[in-house]
There are 2 protein chains.
Amino acid sequence: MTVRPESGVTMPSTGMLDEARRRDEVDPLAEYAREFATDGAIHLNGNSLGPPRGSLAAELDRVVTGQWAPRQVQAWFQDGWLDLPRTVGDKLGSLLGAGPGQVLVAGETTSTTLFNVLTAACRLRPDRPVLLIEGESFPTDLYIADSVARLLDRELVVETRTGFDEYLRDNGTQVAVALAAPVDFRTGERRELRPITALCHAVGALSVWDLSHATGVLPVDLDANAVDLAVGCGYKYLGGGPGAPAFTYVPTRLQSTVDFPLSGWHGHAKPFAMAQTFIPADDINQARTGTPPLLSLVGLNHALAPLIEVGIHELHRRSKDLSGFFLECLADRRPELLHQLASPEVADRRGGHLALRVPQVNKVESALADNGVLVDARPPDLIRFAFAPLYVTHEQVAQAVDVLCRAVEGL
Amino acid sequence: MTVRPESGVTMPSTGMLDEARRRDEVDPLAEYAREFATDGAIHLNGNSLGPPRGSLAAELDRVVTGQWAPRQVQAWFQDGWLDLPRTVGDKLGSLLGAGPGQVLVAGETTSTTLFNVLTAACRLRPDRPVLLIEGESFPTDLYIADSVARLLDRELVVETRTGFDEYLRDNGTQVAVALAAPVDFRTGERRELRPITALCHAVGALSVWDLSHATGVLPVDLDANAVDLAVGCGYKYLGGGPGAPAFTYVPTRLQSTVDFPLSGWHGHAKPFAMAQTFIPADDINQARTGTPPLLSLVGLNHALAPLIEVGIHELHRRSKDLSGFFLECLADRRPELLHQLASPEVADRRGGHLALRVPQVNKVESALADNGVLVDARPPDLIRFAFAPLYVTHEQVAQAVDVLCRAVEGL
């Protein structure tokens, strides 16, 4: 099924549509939407995949036909392929508030990258029994944390966000590592990095963050917040493409002591010496593993260009404008739906998405998709709307609210 | 630097060139070479990257423009993306002598895939202290085995190929897992899977194989040889592209007991139920980890089509013909170089490559590259020549030998 709006179906109230167009007209970021191959759909889905940039296929052709074919294995050296895990990492660093040489894209999936980081984090606190995690975490974080705890013979403690802080205060000296996320993947509710990280440090625990639902839309200021270790995916707001490789953050101060289990040859101090013994690189390169999946790395690298150009604070500003306008349109069109908001009302307490409680979520999601509006049902009762700063416009938001209201009226 | 033969430089003796052309003319596989974008170079390098198929850029465009852009996240379901780890796995299975549902491409690097498999293998023998590995292994295998041994508190024993067998015979009941490779990555010397695997089983150890230097050029008959677990890269003879993701082999008989540490959500029995507890899939899907890097998976899938069409036995036959012809040309042109063969003389005792001992290997490698012949120097004294069945021709082999002889004469 190609998702495509049926002609004439989306007709928001003229007032809000005019207002949407006015806001897009004055917003310097609105023009970026033309760079993306949205195929006529309105992308408010916050899960793995937004639209590709229209120039991606040409970029892949340039790499395959212009680099690989003529230079083959030498392209690793002559075309910067071997440096990509680090150059892409540094670009990500600029979105994350991390100075150069502290972020790396090894080429693994997010789950595996988290495994690598959590294991290394626990090793930095060998005498503490507890690995603490938020119960609201994305499921794979729970699975991986459980696996790491089992491998290292630690106790996995799962707490709600409230209980998490309490546990740290009451039992913090038992905690080796505390894993949290700055944005709840269901409700979009923010979690401030600074106080949790500071609380971890006060009790001597390591603070690890999964930034997947924040990166590219919310400033996280990793260096300023003294975060210990972090990971995040390459898709969602980064738009790096299906299954784009994940990133690892290791601040300079931990690079001499961290000890990753995925000690593949690319993380060696001298990978091409082909030595029999592993000696990790003494910088961020130690977070490398094996030979990285280059085509997917190229996809991620290509996606970053407009995000870097705009900068994280403008990306955040635009996303808040869009989600705020969504609520204004709801207030105009069907104010009772505002009572179904499962997210904080204040934009600064949300990440890039918000959620509404709606009956028959799968039916509503399908009705929206049939009208060219892509959202995520999160059963049993949530519909998630994400506001990617560069390819969503105010006009699309107004249209989406109209489609949503019709869908809910039709239940 | 674009590697390209200088006009008129390669002129093998007319006799061998005529013979080469005659052999290409009668070989039904010779025509495949036209499918590859070799850019005029002769690819005898056996490391990570041969030439791409000429149709790859169009295939990537088809996926980006024809699937991702119009269907976005729904392409995971509607275009078979979610099944690719398994459909690509089954295609690989046909090259590996593995029945359907036993090979999977999770999307991780080779090093990480080996970590996952070695850890799971050790867990199947919880009471045995030793992880045994060949000293001739590719370095990353040594690094990863060391990491796994350290994590699981096992003893890593590194033995030469000869000592490896002896160790198994003498101390086999101490061995949890024995890791070997069917082809020595330096010399190309084969290692029969059947007797080592049988020896492992006789002493109750698990037999794990790194198939990276064999897959796509040498039959390994995993099912028939009763191999326990195996991994391999997606590049080298598979041609899956730079850093193409690795594969995992788990025979049906072990799928109910194997326990992987990289328990990402894609390996869950019901990934989209988003449950809090990890329950692994009861089939090969348990070898999945996180969301796989799709563009690189597409590259691997595209590379497999001609290999599957030809079949592993014809691929092997053609590679042996080419390497045998290489030695014939050497005998004709400079027979004393045959004494420098570091590999078995008999083709059936080699994998897809062979190596010569040569002084100043880096200088020779460069001289060859300057004349459009790509090989691998393996310092201190080896030059490796690999004979990929589908893009190397007899005519190229004759030309390469001529260039090699001139380079050696010029030392």
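The values are calculated or read from the model by the stated rules, or taken from the named source; none is laboratory data. From a predicted model like this one, the values you see are computed outputs, not experimental measurements. When we count neighbours, we look across all protein chains shown, and the Cβ atoms used for this are built from the backbone with ideal geometry, even at glycine.
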Which of the residues spanning region B:46-81 are among the hydroxyl-bearing types (Ser, Thr, Tyr) and more than 7 Å from chain A (Cβ to nearest Cβ)?
B:Ser55
For the condition at pLDDT below 95 and under 25 Å from the mean Cα position of the chain (by Cα), what is the one hit in A:Ala342, A:Ala377?
A:Ala377
In region B:176-205, what residues are in contact with a Leu (Cβ under 7 Å, 6 or more places away or on another chain), surrounded by fewer than 24 Cβ atoms within 10 Å (Cβ to Cβ) and among the aliphatic types (A, V, I, L, M)?
B:Leu199, B:Val203
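Condition check: farther than 19 Å from B:Arg53 by Cβ, surrounded by fewer than 23 Cβ atoms within 10 Å (Cβ to Cβ), in the same structural domain as B:Leu95 (by TED's automatic domain parsing) and more than 19 Å from the chain's Cα centre (by Cα). Does B:Thr257 satisfy that? Full working, then the answer.
Details: farther than 19 Å from B:Arg53 by Cβ: yes; surrounded by fewer than 23 Cβ atoms within 10 Å (Cβ to Cβ): yes; in the same structural domain as B:Leu95 (by TED's automatic domain parsing): yes; more than 19 Å from the chain's Cα centre (by Cα): yes.
The answer is yes for B:Thr257.
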Of the residues that make up region B:311-334, is at least one in contact with a Lys or Arg (Cβ under 8 Å, 6 or more places away or on another chain), among the aliphatic types (A, V, I, L, M) and buried (at least 19 other Cβ atoms within 10 Å of the Cβ)?
no
Is it the case that B:Leu294 is under 22 Å from the mean Cα position of the chain (by Cα), farther than 18 Å from A:Thr110 by Cα and either surrounded by 20 or more Cβ atoms within 10 Å (Cβ to Cβ) or assigned by TED's automatic domain parsing to the domain that holds B:Thr113 (or both)?
no
Let me confirm something: among A:Thr119, A:Thr110, A:Thr65, which residue is under 30 Å from A:Val392 (Cβ atoms) and polar (S, T, N, Q)?
A:Thr110
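Residue-by-condition table, conditions (1) out of contact with any Lys or Arg (no Cβ under 9 Å at 6 or more places or on another chain); (2) closer than 24 Å to B:Pro182 by Cβ:
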position: B:Ser343; (1), (2): no, yes
position: B:His353; (1), (2): no, yes
position: B:Arg357; (1), (2): yes, yes
position: B:Lys363; (1), (2): yes, no
position: B:Pro380; (1), (2): yes, no
position: B:Pro389; (1), (2): no, yes
As an exercise: evaluate B:Pro380 against (1) over 30 Å from B:Glu314 (Cβ atoms); (2) in a helix (DSSP H, G or I) and give the number of the one condition it does not meet.
(2)
Filtering region A:221-253 down to residues that are more than 14 Å from A:Leu104 (Cα to Cα), away from every other protein chain (no Cβ under 12 Å) and not in a loop (DSSP other than H, G, I, E, B) yields A:Tyr237, A:Leu238, A:Arg253
Just the residues that are within 14 Å of another protein chain (Cβ to nearest Cβ), of a type in the set (Gly, Ala, Ser) and touching a strand residue (DSSP E or B) at 6+ places or on another chain (Cβ under 8 Å), please, taken from region B:146-190.
B:Ala149
Within the group A:Val392, A:Val403, A:Val408, which residue is out of contact with any Phe, Trp or Tyr (no Cβ under 8 Å at 6 or more places or on another chain) and modelled with pLDDT under 95?
A:Val408
Looking only at helices (runs of 4 or more DSSP H) that fall completely inside region B:96-198, which ones have 2 or more residues that are more than 14 Å from B:Ala230 (Cα to Cα), under 24 Å from the mean Cα position of the chain (by Cα) and of a type in the set (Val, Ile, Thr)?
B:139-151
Given the criteria surrounded by 16 or more Cβ atoms within 10 Å (Cβ to Cβ), over 23 Å from the mean Cα position of the chain (by Cα), aliphatic (A, V, I, L, M) and within 30 Å of B:Thr113 (Cβ to Cβ), does A:Ala281 qualify?
yes
Search result, residues across region A:359-377 that are among the small types (Gly, Ala, Ser) and assigned to a strand (DSSP E or B):
A:Ala377
When region A:343-358 is examined, which residues are found to be assigned to a loop (DSSP other than H, G, I, E, B), among the hydrophobic types (A, V, I, L, M, F, W, C) and farther than 18 Å from A:Ala400 by Cα?
A:Val346
If a residue has to be under 19 Å from A:Glu136 (Cα atoms) and more than 8 Å from every other protein chain (Cβ to nearest Cβ) to count, how many in region B:264-285 make the cut?
5
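Looking at region A:286-344 only, could you name the residues that are of a type outside the set (A, V, I, L, M), within 14 Å of another protein chain (Cβ to nearest Cβ) and touching a strand residue (DSSP E or B) at 6+ places or on another chain (Cβ under 9 Å)?
Here is the first cut: in region A:286-344, the ones of a type outside the set (A, V, I, L, M) are A:286, A:288-293, A:296, A:299, A:301-302, A:306, A:309, A:311, A:313-314, A:316-321, A:323-326, A:328-329, A:332-336, A:339-340, A:343-344.
Subset that is within 14 Å of another protein chain (Cβ to nearest Cβ): A:286, A:288-293, A:296, A:299, A:301-302.
Across region A:286-344, the qualifying residues are A:Gln286, A:Arg288, A:His302.
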Taking region A:120-145 only, how many residues are at the interface with chain B (Cβ under 10 Å from one of its Cβ atoms) and more than 22 Å from B:Ile279 (Cβ to Cβ)?
1
